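In what follows, a single structure is set out as structure tokens and then discussed.
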Amino acid sequence: MSREWNAALYDQHHRFVADLARDMVSELGPEAGETVLDLGCGSGRMTEWLLEAGAHALGVDPDPKMVEAARARCPGADIRQLDARELGDIRVDSVISNATLHWIPDAEKVVAELARVLTASRGRPSYSGRVVAEFGGHGNIATLREAVKRALARRGQAVDWSKRWYFPRLGEYTSLLERHGFEVSFARWWPRPTQLDDGAAGLKNWVRMFLSDVLAEHATDDFYSEVDDFCRPTLWHSDHWELDYVRLRVHARLSP
């Protein structure tokens, strides 16, 4: 299944994705002259904050519309259309990544690629070789995933979420990093119920943004109503939806 992102819809209804992770920039602590890779830069909000912090920012994203939006937002950054599993000749001092790694089930290949592009930083200043990343952890959006799976099944379509998303347990991911030469200095898994914008339309807007390719011809009013009805007992809060996000955040550094 191919995905095409709607950059305008993303910025209009899903700004919280970046806003809730802005503290990652201060946790990374970019220094003057440091080249930071924003892995999965999307429309460029994290890239913009890296520039404001004084870093040389390199943003990569596989989606051409997101790349176009990031270039418009961040003319001072180097923005490239690249897959996280094949980063080419990039060499950077550190990596920051928000809400991206769960979209790539081939996690081992991504971590190996991060180790490769950071290898050139070994032996350089103390800031080199760092990774700060946050993405969906084990249990992320479990209620919504079940709702969509059931609604699709009633329409004769099966869906295997493991082929679309990677939501690991904490120990699973830290072990993966360690196998590829990283030392993990911080790791946290936590539930983070997240309020969606647009009141009653919030859940539908989320599904439209992130699952349009899965739904295809099933994206009807009846389908969205069925998903809403399943999720309402646990995710609806008087006048808004709170999606059952679970996050995983790690700080790691390549071993010398």
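A short reminder: the numbers here are calculations on the coordinates, not readings from a lab. Only a predicted model underlies this, so the values are computations on that prediction, with no experimental measurement involved. Positions of Cβ are generated from backbone atoms using ideal geometry, with glycine treated the same way; all protein chains shown enter the neighbour counts.
Projected label points at Ala153 and Ser26, each 7 Å from Cα along the beta carbon direction, are separated by 4.5 nanometres. Quote the relative contact order of the range 120-235 in percent (integer), defining contacts as alpha-carbon pairs under 8 Å separated by 6+ residues. Relative contact order, the range 120-235: 30 percent. Remark: the Cα gyration tensor places the range 40-144 in the oblate category, a/c being 1.5 or greater and a/b not exceeding b/c. A Cβ-based charge dipole, computed about the Cα centre of the chain with Lys and Arg at +1 and Asp and Glu at -1, lands at about 580 debye.
Applying 1/(1 + (r/R0)^6) with r as the Cβ-Cβ distance of Arg85 and Asp239 and R0 = 35 angstrom yields a FRET efficiency of 0.25. Charged side chains reduced to their Cβ positions (Lys and Arg at +1, Asp and Glu at -1) give the range 162-251 a dipole of some 620 debye around its Cα centre. Close amide H contacts of Gly59 (hydrogens built in the peptide plane, cut-off under 5 Å, sequence separation of 5 or more or a different chain): Asp38, Asp78, Ile79, Arg80. Figure legend: label point modelled 7 angstrom from the Cα of Gln195 along Cα→Cβ; residues of the range 218-255 with amide N under 20 Å from it are 232-247. With each label modelled as a point 7 angstrom along the Cα→C-beta vector, the Thr119-Glu52 pair spans 3.6 nm.
Restricting attention to the chain, the count of lysine pairs at 8 or more positions apart or across chains with alpha carbons under 23 Å apart stands at 5. Only Lys, Arg, Asp and Glu carry charge here, each on its Cβ (+1 for the first two, -1 for the last two); on that basis the range 75-172 has a dipole of about 360 debye about its Cα centre.
For the range 38-107, the relative contact order comes to 35 percent (Cα pairs under 8 Å, sequence separation of at least 6). In a fully extended conformation the segment linking Arg179 and Arg232 would gain 14.9 nm over its present Cα-Cα distance, using 0.36 nm per residue.
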